[in-house]
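Reviewing the structure listed below.
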């Protein structure tokens with residue numbers, strides 16, 4: 001690729017593809033490990049993803065020079081650039097923010113997962129693994145904050161062919 005600028009739509013498509021590829025790799029790896037070693041191995045995969053998110057969150061806070069709820073809300077919802085998850089803030093207080101993600105690159109992988117003979121409910125298995133990254137990210141970003149991701153909230157709406165997935169970030173106190 002040249003040093004020139006690319007259109008936002010092309011950038012969004014490339015980033016979406018990279019996210020989907022990461023999810024595909026994690027999904028394939030997790031399913032193969034589960035088949036070989038049973039469900040117990042999944043906690044190891046989730047922990048690895050959590051720790052990776054924790055490092056990313058700490059690095060983000062360091063780079064930004066601040067790690068408050070407002071800043072992480074901006075990270076999770078800023079649509080001035082790439083708008084992959086189409087986030088909408090539906091509640092915002094001093095200590096809590098509720099975000100609806102109205103888009104996700106993961107459901108596009110369902111056809112591939114089906115071709116690999118993965119279970120029909122594979123997203124119910126994969127999303128908690130994927131979301132452990134966000135849990136780690138928030139802890140690494142600021143240990144005084146907590147996040148409830150779609151599997152914990154029980155609103156994995158995109159996985160159920162509804163309109164959104166819910167994310168709640170709040171102060172621990």
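Read-outs: derived from the displayed coordinates by stated rules, not from any lab. Every value quoted in this text rests on a predicted model; they were computed, and no experiment measured them. Cβ coordinates were reconstructed from backbone atoms using ideal geometry, including for glycine residues, and neighbour counts include every protein chain displayed.
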* Asked: Once both labels are modelled 7 Å past Cα along the beta-carbon direction, what's the residue 95-residue 28 spacing in nm?
  -> 4.6
* To do: Could you tell me, in Å, what Rg and Dmax come out for the Cα atoms of the range 14-64?
  => 13.6, 42
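Calculate the FRET efficiency for residue 144 and residue 115 from the Cβ-Cβ distance with a Förster distance of 35 Å, rounded to the nearest 0.05.
With a Förster radius of 35 Å, E is 0.20.
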* To do: Could you work out the relative contact order of the range 89-157, using alpha carbon pairs under 8 angstrom and six or more residues apart, expressed as a whole percent?
  => 16
* Asked: If you wrap a convex hull around the C-alpha atoms of the range 37-112 and split its volume per residue, what is the figure in Å³?
  -> 146
* Over the range 29-101, what is the relative contact order in whole percent, taking alpha-carbon pairs under 8 Å and six or more residues apart? -> 16
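Take each of the peptides 121-131, 50-60, 29-39, 102-112, average the number of other beta-carbon atoms within 10 Å over its residues, and list them starting from the highest. Don't jump to the answer; show the numbers that get you there.
Details: 121-131: 19.0, 50-60: 17.5, 29-39: 13.1, 102-112: 15.9.
Descending mean neighbour count gives 121-131, 50-60, 102-112, 29-39.
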* **Cβ-Cβ FRET estimate between residue 75 and residue 44, R0 fixed at 22 Å, reported to 0.05** => 0.20
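By per-residue mean of other Cβ atoms within 10 Å, what is the highest-first order of 66-74, 141-149? All intermediate terms of the calculation are to be shown ahead of the outcome.
Working: 66-74: 16.1, 141-149: 19.6.
Packing proxy ranking, top to bottom: 141-149, 66-74.
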